[in-house]
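Trainee: Got a structure for you, questions after.
The values are calculated or read from the model by the stated rules, or taken from the named source; none is laboratory data. Quantities reported herein were computed from a predicted structural model and do not represent experimental measurements. All Cβ positions, even for glycine, are placed from backbone atoms using ideal geometry, and neighbour counts span all protein chains on display.
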Amino acid sequence: MSSSTPEAPRGQQLTDQQLTEKTAVVLTISDSCVRGEKKDLSGPAVSEALERRGFRVVARCLVPDEREKIQQKLIEMCASARLVITTGGTGIAPRDVTPEATRAICDRLVEGIAEQMRFEGMRTTRFAALSRAVCGVRGTSLILNLPGSPAGAVESLQAVADLLPHALELLEGRTEHASG
């Protein structure tokens, strides 16, 4: 990597091309989808919304509601995409462990993004207040937890989508501000 490319911690090595293009992966966290009892509707809905925003979705995966497996997949996916989106496992049910798994592997959290998603979500449903979704940074990747319902996931993504390109630029090290 060139000296102007930020160093990725913990052995993560994104290529220069991955650093500059808007790549994304979508992880659906769901025991029932993994077991084949339920069709994943959230992952495809989020992928489509990302593609409409100019992201190239390079992978979509199903992961059970198991903290260690979620952590492992998040680490793996941060090495191959700039934006890592999870859908599911953000509520208060006993098996909802996506926020804990995300926190465990992040270098830093970005509380404002999760707060914005909850704020906008509460305009549609009071249940958005029960979301424990987090957003964080691992190396030069941004991780964003979304709810498990297709509508909630897409609405949450839309609530913060305009922030994501700038956040990714900042993670690339492009911190200059336009004069004005």
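Trainee: All but one of (1) exposed (fewer than 13 other Cβ atoms within 10 Å of the Cβ); (2) within 21 Å of Thr23 (Cα to Cα) hold for Glu111; which doesn't?
Mentor: (2)
Trainee: Within segment 94-102, identify whether any single residue is over 14 Å from the mean Cα position of the chain (by Cα), surrounded by fewer than 16 Cβ atoms within 10 Å (Cβ to Cβ) and over 17 Å from Val46 (Cα atoms), and answer yes or no. Even if it seems obvious, please write down each step before you answer.
Mentor: Initial filter on segment 94-102 (over 14 Å from the mean Cα position of the chain (by Cα)): 94-97.
Restricting the remaining residues to those that are surrounded by fewer than 16 Cβ atoms within 10 Å (Cβ to Cβ) gives 94-95.
Remaining after also requiring over 17 Å from Val46 (Cα atoms): 94-95.
Checked against the condition, which is being over 14 Å from the mean Cα position of the chain (by Cα), surrounded by fewer than 16 Cβ atoms within 10 Å (Cβ to Cβ) and over 17 Å from Val46 (Cα atoms), segment 94-102 yields at least one hit.
Trainee: Scan segment 117-132 for residues that are part of a helix (DSSP H, G or I) and buried (at least 16 other Cβ atoms within 10 Å of the Cβ) and report the count. Talk me through it step by step, then tell me what you get.
Mentor: As a first pass, look at segment 117-132 and keep what is part of a helix (DSSP H, G or I): 117-121, 126-130.
Imposing the further condition that a residue be buried (at least 16 other Cβ atoms within 10 Å of the Cβ) reduces the set to 117-118, 121, 128.
Number of matching residues: 4.
Trainee: Only one of Leu142, Leu157, Leu170, Leu164 is among the hydrophobic types (A, V, I, L, M, F, W, C) and more than 14 Å from the chain's Cα centre (by Cα); which? Before the answer, list the steps.
Mentor: Details: Leu142 fails: more than 14 Å from the chain's Cα centre (by Cα); Leu157 fails: more than 14 Å from the chain's Cα centre (by Cα); Leu164 fails: more than 14 Å from the chain's Cα centre (by Cα).
Answer to the selection: Leu170.
Trainee: Give segment 84-93 a look and list any residue that's out of contact with any Pro (no Cβ under 9 Å at 6 or more places or on another chain) and surrounded by fewer than 24 Cβ atoms within 10 Å (Cβ to Cβ), or say none.
Mentor: Initial filter on segment 84-93 (out of contact with any Pro (no Cβ under 9 Å at 6 or more places or on another chain)): 84-86, 92-93.
Passing the criteria: Ile92, Ala93.
Trainee: If you take the residues of segment 133-176 that are of a type in the set (S, T, N, Q) and assigned to a helix (DSSP H, G or I), which of them is surrounded by the most Cβ atoms within 10 Å (Cβ to Cβ)?
Mentor: Going through segment 133-176, the residues of a type in the set (S, T, N, Q) turn out to be 140-141, 145, 149, 156, 158, 175.
Now drop any that are not assigned to a helix (DSSP H, G or I), which leaves 156, 158.
Numbers: Ser156: 29, Gln158: 13.
Only one residue tops the list, namely Ser156.
Trainee: Looking at segment 13-30, is at least one residue of a type in the set (Asp, Glu), surrounded by fewer than 17 Cβ atoms within 10 Å (Cβ to Cβ) and modelled with pLDDT under 95? Outline the logic, then answer.
Mentor: Kept after step one, since they are of a type in the set (Asp, Glu), are these residues of segment 13-30: 16, 21.
Next cut, surrounded by fewer than 17 Cβ atoms within 10 Å (Cβ to Cβ) only: 16, 21.
From what's left, modelled with pLDDT under 95: 16, 21.
Checking segment 13-30: at least one residue is of a type in the set (Asp, Glu), surrounded by fewer than 17 Cβ atoms within 10 Å (Cβ to Cβ) and modelled with pLDDT under 95.
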